[in-house]
Amino acid sequence: MADVDKWVYSAIIKDHFMKPRGFLLGEPKEGEFDSYGEVGSLACGDIIKVWIKVDKETDKIKDFKWQTWGCATAIASASAFAEMIMKNNGMKVEEAMNIKPKDIADYLGGLPARKFHCSILADKAFKKAVENYRKAHA
């Protein structure tokens, strides 16, 4: 394991890396989620997968889980995004769609410029899951 005490990242990034929120261990059960989104490439180094469960009556996100193959900031970005969305028992889909990568980075106390793409991946994976959800429930 990396010596995280010597990292230049914020304490918030370190906390989300060491204690990720919303991480899905293993594969989801059949019907557990309403939609799934994935972005990134192993060739580039980072992949983020997002699963969402939506209350069809209220359009509120009831569950948000993720997995990533990537660096500490990819893990922290996905974790922070999950925490942001699931605060107060979940946001409405439209409200969550308004979260921008910069909002994720700011929530984490900032990201180095060369790591900002991790917040973009978390945002894009979520938007892909919402797009897939809307197609399936149109």
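Here, each number is a calculation from the coordinates, and none is a lab measurement. The shown structure was predicted, so the numbers you read here are calculated from the model rather than taken from an experiment. Cβ coordinates were reconstructed from backbone atoms using ideal geometry, including for glycine residues, and neighbour counts include every protein chain displayed.
Using C-alpha positions alone, give me the convex hull volume of the chain per residue in cubic angstrom.
Dividing the Cα hull volume of the chain by its residues yields 111 Å³.
Return, ordered by residue number, the residues of region 64-98 whose backbone nitrogen is under 14 Å from a label point located 7 Å along Cα→Cβ of Leu42.
Answer for region 64-98: 68-70.
Give me, ordered by chain and number, the residues 5 or more places off Asp63 or on other chains with an amide H under 5 Å from its own placed amide H.
It is Lys53, by chain and number.
So which of Lys19/Lys56; Lys14/Lys65; Lys56/Lys124 end up more than 24 Å apart by C-alpha?
Table pairs above 24 Å Cα-Cα are Lys19/Lys56.
If the cut-off is 17 Å between C-alpha atoms, which aspartates and glutamates fall inside it for Lys102, apart from same-chain ones fewer than 8 positions away?
Glu83, Asp123
Using a basic spin-label model with each label point 7 Å from the Cα along Cα→Cβ, how many nm lie between Glu32 and Trp69?
About 1.9 nm separates the two model spin labels.
Among Tyr9, Gly26, Asn132, which residue has its Cα furthest toward the positive end of the charge dipole of region 4-136, with +1 on Lys/Arg Cβ and -1 on Asp/Glu Cβ?
After comparing all options, I get Tyr9.
Can you give me the distance in nm between label points at Asp59 and Lys135, each placed 7 Å from the Cα along the Cα-to-Cβ direction?
Placing both labels 7 Å along Cα→Cβ, they lie 2.0 nm apart.
Rounding to the nearest 20 debye, state how big the charge dipole of the chain is about its Cα centre with +1 on each Lys and Arg Cβ and -1 on each Asp and Glu Cβ.
200 debye
Kindly rank 46-55, 123-132 from highest to lowest mean number of other beta carbons found within 10 Å of each residue.
So the order, starting with the most tightly packed, is 46-55, 123-132.
Gain in length, Arg114 to Ser10, computed as 0.36 nm per residue apart minus the alpha-carbon separation, to one decimal in nm?
35.9 nm
Amide H to amide H under 5 Å from Val39: which residues, 5+ apart in sequence or cross-chain, H placed 1.01 Å off N in plane?
For Val39, whose amide H was placed from the backbone, the distant partners under 5 Å are Ile48.
Determine the dipole magnitude for region 6-59: charges of +1 sit on the beta-carbon of Lys and Arg, -1 on that of Asp and Glu, nothing else is charged, the reference point is the Cα centre, and the result goes in debye to the nearest 20.
That gives a dipole near 460 debye.
Tell me, what ³J(HN,Hα) does each residue in region 53-67 have, in order and in whole Hz, if you take phi through Karplus 6.51 cos²θ - 1.76 cosθ + 1.60 with θ = phi - 60° and put x for Gly and Pro?
For region 53-67, the Karplus curve yields 10, 10, 6, 5, 6, 9, 6, 9, 6, 8, 8, 9, 10, 8, 9 Hz.
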